[in-house]
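A quick write-up on the structure given underneath.
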């Protein structure tokens, strides 16, 4: 018969390893400049790292590494998104490039697109 303590310990190790893998996935998707994936993988890594402790007070080193990597990746991703938004609203050349590319891709101006999305008509 299996030892129930051993089964619980194995579950904690499995969750810790999953937290580590998801933490690295969060960092990798941050490097690839995606927007939502770092938050998805990072929040799962944090959750699994916390759950891996079970009734212990000390977190497994793999879970701790996954936790730290995920939190760091989510912070870096937030900074990148904030800097991008700030740059867009403060740099007129960047805005012009966006609007020109939008019109070249979709055949309508961004203003017309937004008007259409609000239920208006296109000029």
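The values are calculated or read from the model by the stated rules, or taken from the named source; none is laboratory data. These numbers come from a predicted model, not from an experiment. Using ideal geometry, Cβ is built from the backbone for each residue, glycine included, and neighbour counts are taken over all protein chains shown.
Residues of the range 75-123 being over 26 Å from the mean Cα position of the chain (by Cα) and in contact (Cβ under 8 Å) with a residue 12 or more places away in the chain, which ones? Those that are over 26 Å from the mean Cα position of the chain (by Cα) and in contact (Cβ under 8 Å) with a residue 12 or more places away in the chain: 108, 110, 122. For the range 102-120, a residue qualifies if it is out of contact with any helix residue (DSSP H, G or I) (no Cβ under 7 Å at 6 or more places or on another chain) and in a loop (DSSP other than H, G, I, E, B), and the qualifying residues are 107, 108, 118, 119, 120.
Take residue 68 and tell me if it is surrounded by fewer than 14 Cβ atoms within 10 Å (Cβ to Cβ) and either farther than 30 Å from residue 95 by Cα or at pLDDT 95 or above (or both).
Details: surrounded by fewer than 14 Cβ atoms within 10 Å (Cβ to Cβ): no; either farther than 30 Å from residue 95 by Cα or at pLDDT 95 or above (or both): yes.
No: the conditions fail for residue 68.
Just to be sure before I move on: is residue 59 part of a helix (DSSP H, G or I) and surrounded by 15 or more Cβ atoms within 10 Å (Cβ to Cβ) in the structure I sent? Break it down stepwise before answering.
Details: part of a helix (DSSP H, G or I): no; surrounded by 15 or more Cβ atoms within 10 Å (Cβ to Cβ): yes.
Here the answer is no, as residue 59 does not meet what is asked.
Checking the condition at positive phi and either out of contact with any strand residue (DSSP E or B) (no Cβ under 6 Å at 6 or more places or on another chain) or part of a loop (DSSP other than H, G, I, E, B) (or both), which residue from 66, 82, 54 passes? Quick ask: steps written out before the conclusion?
On the way: 66 fails: at positive phi; 82 fails: at positive phi.
One residue alone meets the criteria, 54.
Looking at this structure, is residue 34 outside any helix (DSSP H, G or I) and either surrounded by 13 or more Cβ atoms within 10 Å (Cβ to Cβ) or in contact with a strand residue (DSSP E or B) (Cβ under 7 Å, 6 or more places away or on another chain) (or both)? Considered against the rule, which asks whether it is outside any helix (DSSP H, G or I) and either surrounded by 13 or more Cβ atoms within 10 Å (Cβ to Cβ) or in contact with a strand residue (DSSP E or B) (Cβ under 7 Å, 6 or more places away or on another chain) (or both), residue 34 comes out as yes. If the requirement is being more than 30 Å from residue 98 (Cβ to Cβ) and out of contact with any helix residue (DSSP H, G or I) (no Cβ under 7 Å at 6 or more places or on another chain), which of these qualifies: 62, 13? Of the residues listed, the single one that is more than 30 Å from residue 98 (Cβ to Cβ) and out of contact with any helix residue (DSSP H, G or I) (no Cβ under 7 Å at 6 or more places or on another chain) is 13.
Take residue 99 and tell me if it is over 30 Å from residue 11 (Cβ atoms), touching a helix residue (DSSP H, G or I) at 6+ places or on another chain (Cβ under 6 Å), in a helix (DSSP H, G or I) and modelled with pLDDT of 90 or more.
Working: over 30 Å from residue 11 (Cβ atoms): yes; touching a helix residue (DSSP H, G or I) at 6+ places or on another chain (Cβ under 6 Å): yes; in a helix (DSSP H, G or I): yes; modelled with pLDDT of 90 or more: yes.
The answer is yes for residue 99.
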